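Structure, as structure tokens:
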Amino acid sequence: MTSDLGVLLGLAAALVVSVPAHAARVVLPSDVTPDHYEIAVTPDPGALTLTGHVRIDLTVHAATSRIVLNDADIVIDKASLSGEAAAPVVSYDDKTETASFAFAHPLAPGHYALSLDYHGKIYQQASGLFALDYQTAAGSKRALFTQFENSDARRFVPCWDEPGRKASFSLTVIAPADQLALSNMPVAQTTALPGGLQRVRFQDTPKMSSYLLYLGVGDFERVHRDVDGVDVGVVVKRGDTARAAYALDAAAHLLPYYNSYFGKPYPLPKLDLVAGPGSSQFFSAMENWGAIFFFESDVLVDSHVSTESDRQDVYVTVAHEMAHQWFGDLVTMAWWDDLWLNEGFASWMENKATDQFHPEWKLWLQELGEKEGAMQVDARAGTHPIIEPIDDVLQANEAFDTITYSKGAAVIRMFEAYVGPDAFRAGVRRYIAAHAYGNTVTDDLWREIDPASPGKPLSGVAHDFTLQAGVPMIREITAVCHNGQTDLMLAQEQFAVDPPAGKPASWHVPVTVKVLGGGTAQAVIGQPGAQLTVQGCGPVVLNAGQAGYFRSVYLPDGLEALTSRLGELAADDQLGLINDERALAYVGVQPMGGFLALGPRLDEKADPIVWSQYAKYLADLDRIYDDQPGQARFRAYVSRVLTPELVRVGWDEKPGENANVAILRASLLDTLGQIGAPDVVAEARRLFDAYLKDPASLNAGARRTVLAIVAQHATPPDWDQLHGLAKRAPTEVERSQLYGLLGRAEDPALARRALDLAVSGEPAPTVAPNIVDGVALRYPATALDFVAANWPKLSEMLEPDSRSQYAADLARHGADPALIAKLDAFAAKNVPASAQGEVRRQDATIAYRARIRSQRLPDADHWLAGQGF
């Protein structure tokens, strides 16, 4: 292509500075940027080493004597720059994970090629190029995969490892001739080499961010089909193709839907879903463009071990990652501040797309549990705005959290409901068309949606919910009925578990209210409040349909009216009322009895998801009750509320039952098993004994539940039997699940055995931390002490950029204030200051649960005693 160099340099410079400057941000200089990478790598899986060569076509925008790029755990063996006779002086900065190339004189603006020979390592946890081992009938095998988000491409190749530094990639790998190599693009050429090797070169990628590059090598098989002209495949270990059919069908459903929704066809010639054995504590799948990586449990379905929840989760996860092929891959946030543009949008779209094909799963109803989790976090100290200034890659890793994913998805659902689905989609299509292959900030999206929704500009509402943290609360002040209509006065406050650091926030909140048996009305509620008129007289639901992101507080008469007619509410509004009353009771705004009284009012007509979520809430409250004097009384209440529903649904699947009944059955049994309900534990033991004799005696759903109950109440012989099952498991998914269950034992001696097993070398490195997670559910302090004492071993099993979060996540179920000091002491020694956000959030979580234990459980005890428990 013939072009004017000056114009090109000016355009490139404009792109470089599209990310606003931030004084504390640790980023690469903007004077040099990449255009194209030509990468050739030779992995040595046995030695866990990597050698490589890369030629980087780059542009120097302003005269400089240094080129700086990202490099972590990579040694440059040789460096040269086109047009320069002398080799540059190479230096490294481990703190910023960079390599610098110093030249004897300034380089003039223009185009150059930087050539590097280098060597590095292959990891055994999901970062950079990593190896996963698995068992086969012929013995142990090893496969290679890559994981680069958020900032681990620098562990595979020296590069500009920032999302705004897009370039194209050409990748070549030397691999065993009897193995399959795959990347983002189809194979361009395969050349046989001596020694049973092959050279595989892939087609060049489009311009994309470094974290989306992918390479996999192993004894794989691929099943595939043509979908809208795209070669769609699922790549699995040899012998697993039958388990890939479900995900392939899901991808075939979803691709045409996304092509239509986004108004731009999927741009690559192929799309692979790649399954890898093992697991991670921090992610389940990664949206590499054209080669999405999944851990096996999140993409493969096995009728012998996959539950209904597993099936739904696989479909949803595939939908999430495929949505990223547009929102994240084709259009990418300029910097990690706007990560939610990737993850919040994909988390919303996963439900929207799945609901299109499986409305019977009621994904929007299930999503209310995710939204509730986000609102709990968002009301506590340590929360952050959806769009948060990010200084470095460790802090960026912390942004992959509930606020970014679940709050992001919840507010997008609210925004769509506010402007309307057609206007919202029109804005999204404009955004994709305007920014394809480029980088954006959040306001770029609002600028495209606003013109598509005349009369309902989104920007002002969106800024309130994305630029400040916290949860609005809409309070019913008056509700007066006359002449067949209800006049409402509503006021806005901030719902906060911990007092806000400054002045309470305020929002412009889209609110939909409904009179039970009457009409609906919509308004945007700001400060100080608003008046609405709704047709009909009767109980009023303040967040009808539950699309809004806010708490609802009712007048006493209004709340009593809704509670007494709970069965007449739509399932979304039933669960919304439960969520609000639970949250308000936990902070003392409402009595605990208000929340606990809702369970007995649910009947057999209530949706399985509503029942299931209520059972999960009771299980969590039971953990707060651990070792407290009122726990026996509370467990009697739980048994009385849940046992009749278990009797109704039974232990066994019934022909023709709703798919979500299986999810309900598992939730009921999990909670009743947790509280030690004698009949449930006894039946689980009976079924476990039968399963040991005949594994076919339990279907997948019953198997998962029975094993979990037995693991929790295990005796030493039970634990040994489960351990044996883990070692003999026929698949890596089963092996991972069974090892994880070994940590769930209530017996403290068995919990200690499980911890010792985790660092024994027997479980795979990606599986061992799951055992510690299991112990932390019941014994967070014990687990945290163990992690502190064994951190050198455990940290090597974790992805480097995610290590800062691990201990904090273990503490999230704790309710003992002393745990805060333990966690803070660990963090002071092992977690960089810029990466302690998750520690602060979990400190707030522990303090919150401790306050519930000390201040709210007495109120619950009083109510339970008054009810005869």
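Odds and ends about this structure:
- Rounded if a/c under 1.5, otherwise prolate or oblate - segment 429-489, Cα gyration tensor axes: oblate
- For segment 332-409 versus segment 670-686, the gap between their alpha-carbon centres in whole angstrom: 35 Å
- Computed from Cα atoms, the angle from the helix 780-789 axis to the main principal axis of the chain rounds to 20 degrees.
- Considering only Cα atoms, the convex hull volume of segment 430-571 works out to 148 Å³ per residue.
- Candidate cross-link partners of Lys270 among the aspartates and glutamates, defined by an alpha-carbon separation under 15 Å and a same-chain spacing of 8 or more, comprise Asp204, Asp226, Asp228, Asp231, Glu287, Glu321, Asp329.
- Highest mean packing comes first when the peptides 504-511, 596-603, 660-667 are listed by Cβ atoms within 10 Å, giving 660-667, 504-511, 596-603.
- Potential lengthening between Ala62 and Ala86 on full extension [0.36 nm per residue; Cα-Cα distance subtracted]: 6.6 nm
- Extents of segment 173-299, taken as max minus min of Cα coordinates on every principal axis and listed largest first, are 49, 31, 29 Å.
- Extension reserve of the Asp756-Ala821 stretch, reckoned as 0.36 nm per residue once the Cα distance is removed: 21.0 nm
- Distance from the Cα centroid of segment 517-575 to that of segment 164-182 is 55 Å (rounded to whole angstrom).
- Across all directions, the shadow cast by the convex hull of segment 358-428 built on its C-alpha atoms averages 6.4 square nanometres.
- Considering all C-alpha pairs of segment 663-800, those separated by over 28 Å amount to 16%.
- Rounded FRET efficiency, nearest 0.05, which uses the C-beta distance separating Gln535 from Ala491 and R0 of 30 Å: 0.85
- Angle between the chain longest axis and helix 837-851 axis [Cα atoms, degrees, rounded to 10]: 10 degrees
- Convex hull projection area averaged over all views, segment 43-184, Cα basis, nm²: 9.8 nm²
- Pairs of C-alpha atoms in the chain farther apart than 41 Å represent 37 percent of all such pairs.
- Between helix 631-649 and the chain: long-axis angle, C-alpha atoms, 0 to 90°, nearest 10: 80 degrees
- Inter-label distance, Lys829 to Val187: 5.1 nm, where each label sits 7 Å from its Cα along the C-beta direction.
- Cross-link partners of Lys503 among aspartates and glutamates, defined as those whose alpha carbon lies under 17 angstrom from its own and excluding same-chain residues fewer than eight positions apart: Asp378, Asp464, Glu493.
- Where a label projected 7 Å from the Cα of Arg686 along Cα→Cβ would reach, residues of segment 617-652 with amide N under 17 Å: 646-652
- Here the translational diffusion coefficient of segment 328-453 follows from Stokes-Einstein with Rh set to the Kirkwood radius across Cα pairs; for 37 °C and 0.692 mPa s it amounts to 216 µm²/s.
- Value at 222 nm in deg cm²/dmol, rounded to 500, when DSSP H runs of n ≥ 4 in the chain each add -39,500 (n - 2.57): -12500 deg cm²/dmol
- Peptides 117-126, 404-413, ordered by how many other C-beta atoms sit within 10 Å of their residues on average, highest first, read 404-413, 117-126.
- Debye intensity ratio in log₁₀ form over the Cα atoms of segment 20-62, taken at each q of 0.16, 0.24, 0.27, 0.29 Å⁻¹: -0.67, -0.85, -0.93, -0.98
- Cα-based shape type of segment 270-313, given that a ≥ b ≥ c are square roots of the gyration tensor eigenvalues and the cut on a/c is 1.5: prolate
- Portion, in percent, of the accessible area of the chain that falls on carbon or sulfur, probe 1.4 Å: 53 percent
- Once Rg and the Kirkwood radius are both taken over the C-alpha atoms of segment 602-688, their ratio Rg/Rh works out to 0.97.
- Computed label-point distance, nm, for sites Ala24 and Lys616 using a 7 Å Cα→Cβ extension: 3.4 nm
- Taking the Cα centre of the chain as origin and assigning +1 to Lys and Arg Cβ atoms and -1 to Asp and Glu Cβ atoms, the resulting dipole is close to 560 debye.
- In plain terms, the bigger the Kirkwood radius, the slower the diffusion; for segment 115-197, with that radius from Cα pairs, at 10 °C and 1.306 mPa s, Stokes-Einstein puts D at 106 µm²/s.
- For q = 0.21 Å⁻¹, Debye-computed log10 I/I(0) when each Cα of segment 576-727 counts as one equal scatterer: -1.35
- The translational diffusion coefficient of segment 745-869, from Stokes-Einstein at 20 °C and 1.002 mPa s with a Kirkwood hydrodynamic radius over alpha carbon pairs, comes to 138 µm²/s.
- Surface analysis of the chain yields an accessible area of 36 Å² per residue, using protein heavy atoms and a 1.4 Å probe.
- Global geometry of segment 305-390, whether rounded, prolate or oblate, following the gyration tensor of its Cα atoms and the 1.5 cut on a/c: oblate
- By the Cβ-Cβ criterion of under 4.7 Å, the unpaired cysteines of the chain are Cys159.
- Descending by average beta-carbon neighbour count within 10 Å, the peptides 676-685, 813-822, 774-783 line up as 774-783, 813-822, 676-685, the highest first.
- Set Lys166/Lys371; Lys141/Lys166; Lys616/Lys822; Lys121/Lys829; Lys141/Lys207; Lys362/Lys616 screened for pairs whose C-alpha atoms are more than 24 Å apart: Lys166/Lys371; Lys141/Lys166; Lys616/Lys822; Lys121/Lys829; Lys141/Lys207
- Within the straight-line cut-off of under 23 Å between alpha carbons, the lysines reachable from Lys456 are Lys352, Lys407, Lys514, sequence neighbours fewer than 8 places apart in one chain being disregarded.
- Residues Ser115, Ser552, ordered by accessible area of protein heavy atoms at a 1.4 angstrom probe radius and largest first, appear as Ser115, Ser552.
- Placing a label point 7 Å from the Cα of Cys481 along the Cα-to-Cβ direction, the residues of segment 561-578 whose backbone N falls under 16 Å from that point are 561-566, 568-569.
The values are calculated or read from the model by the stated rules, or taken from the named source; none is laboratory data. Computed from a predicted model, the values in this text were never measured in an experiment. Neighbour counts run over all protein chains shown; Cβ positions are idealised from the backbone, glycine included. Please note that ligands, DNA and RNA were not included when accessible areas were found on the heavy atoms of the full protein model with its side chains. Shrake-Rupley method; radii C 1.70, N 1.55, O 1.52, S 1.80 Å.
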